[in-house]
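Throughout, read-outs are computed from the coordinates displayed, never taken from laboratory work. All values derive from a computational prediction rather than experimental measurement. Cβ atoms come from the backbone with ideal geometry, glycine included; neighbour counts cover every protein chain shown.
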Amino acid sequence: MTNSENPEPELKRALGLFDATAISIGAIIGAGIFVVTGIVAGMAGPSIIVSIVIAGVIASFTALNFAQLSAYMPKEGGGYAYTHKLISPFAGFLAGWMWVLSNVFTGAAVSLGFARYLSAIFPFLPITVVAAILCILFTLLNTFGVRASATVNNSLVVSKIVILLFFIGLGLGFISFSNFQPFAPNGSLGILEGAALMFFAFGGYARVTTVAEEVKEAEKTIPRAIVLALAISTLLYILISFVAVGLVGSQRLASSESPLADAIGVAGIPTAVFIVSLGAMIATASVLLMTILGVSRMSFAMARNSQLPTFLSKIHPKFQTPYYAVWVTGALSAILVFGDFSRVVAVGTFALLFHHALVNLAALRLRSENRLYPVLVSVIGFVLCLTLLVFLSSDAWLIGIAGLAVGALYYYFGIKRRQTR
């Protein structure tokens, strides 16, 4: 049978620069800043600001590598596709597998973040049930097409940025500089542990690479979108953490399930608390929407290469989406919401850093004529990702390595055995 009789599944290019940038911003700004801020404040104290800067700098090196790889190879699947071609099929599989693992956990984390802020307004609502329902709703939305998802996401991104600017603007007038003392109660170790976990908050900057085949002029659009999204998000994160610590101090942030809402409560304006809580729900909903979109496309790309079950590459005849991949992604995230929030975040971060380390390694294999940046950028990105892994919790390592082992076993006893028959 010829290729014309059995064509490779194709996706429609429907996304411009604004859509592409919004997809990455939508994937970045969510549970990381609205919920993980509290956890990191407990580790680093007021020096959470330094933790954010460190995480942002590390993310920027990997972002530049994603940018040059996406310009070189604008294909659906992002880091999976790059490592598959530039390193080996096995390395590509592990990159994709760990990315899927990371983002399934991320989907659970951000839906729990949404539910926590909603329960601050309506305390009678069960957090895990609300989180699971949200996963299901956004799974359905992703089924209807990338254009529908992107349109909703664009609105959510604009709304949450406006609300975050509102938080910054109002909060600046109520800051107490005494809340910044002592600045680093747990020393450099606390700062680095905070940076490792805060990397979770930057994880979505390359999300647009997973939908590369749905972006117009992808070679130019995707690198620009990545850099814009990371720059905007990093600036917002620094300002928000500064204001939040200045309002209530790091200890109060650490003990709160809705830290930014509690922080703005110092202003004594109930409407402001409601607005920030609404912003948190919009932000986490946006991240969940883009997480399900990204994981489904990664699964689609891997299934198209026969590295995941082939049914995941099936495209809906009407909506032109990999609907089975979307449904599986949403279902797994819905199940994980019943786990511990901090552990979910830590495992997601471990898998994300492992994935990004492999992407940096793939960038090292680019030929000089395909490079946008010096080789040193790839080396630094790789080393820094491995360094941050050291500062994650033992739970993150145990569950992360177990997930990696399962993936390796699946590859060698499933994929490799099938290929040698």
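Per-structure values
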item: Fewest-first ranking of Y324, Y412, Y117, using other Cβ atoms within 10 Å as the exposure measure; result: Y412, Y324, Y117
item: Cβ-based exposure ranking for D262, D395, in which fewest neighbours within 10 Å come first; result: D395, D262
item: ³J(HN,Hα), Karplus 6.51/-1.76/1.60, whole Hz, each residue of the range 52-64, x for Gly, Pro; result: 5, 4, 4, 4, x, 5, 4, 4, 5, 5, 5, 4, 5
item: Backbone N under 13 Å from the L165 label point (7 Å along Cα→Cβ), restricted to the range 210-249; result: 236
item: Cα long-axis angle, helix 323-336 against the chain (0 to 90 degrees, to the nearest 10); result: 40
item: Degrees between helix 218-248 axis and first principal axis of the chain (Cα, 0 to 90, nearest 10); result: 20
item: Residue-averaged 222 nm ellipticity for the chain, from DSSP H runs of 4+ at -39500 (n - 2.57), nearest 500; result: -23500 deg cm²/dmol
item: Cα→Cβ-extended label distance, 7 Å offset, between A405 and E369, nm; result: 4.6
item: Per-residue ³J(HN,Hα) for the range 89-97, Karplus 6.51 cos²θ - 1.76 cosθ + 1.60, θ = phi - 60°, Hz, x for Gly and Pro; result: x, 5, 4, x, 4, 4, 4, x, 4
item: C-alpha long axis of helix 187-198 to longest principal axis of the chain, angle in °; result: 50
item: Relative exposure of T234, T62, T128, judged by other C-beta atoms within 10 Å (fewest first); result: T128, T234, T62
item: Packing-based ranking, highest mean first, of 371-382, 170-181, 48-59 given that Cβ atoms within 10 Å are counted; result: 48-59, 371-382, 170-181
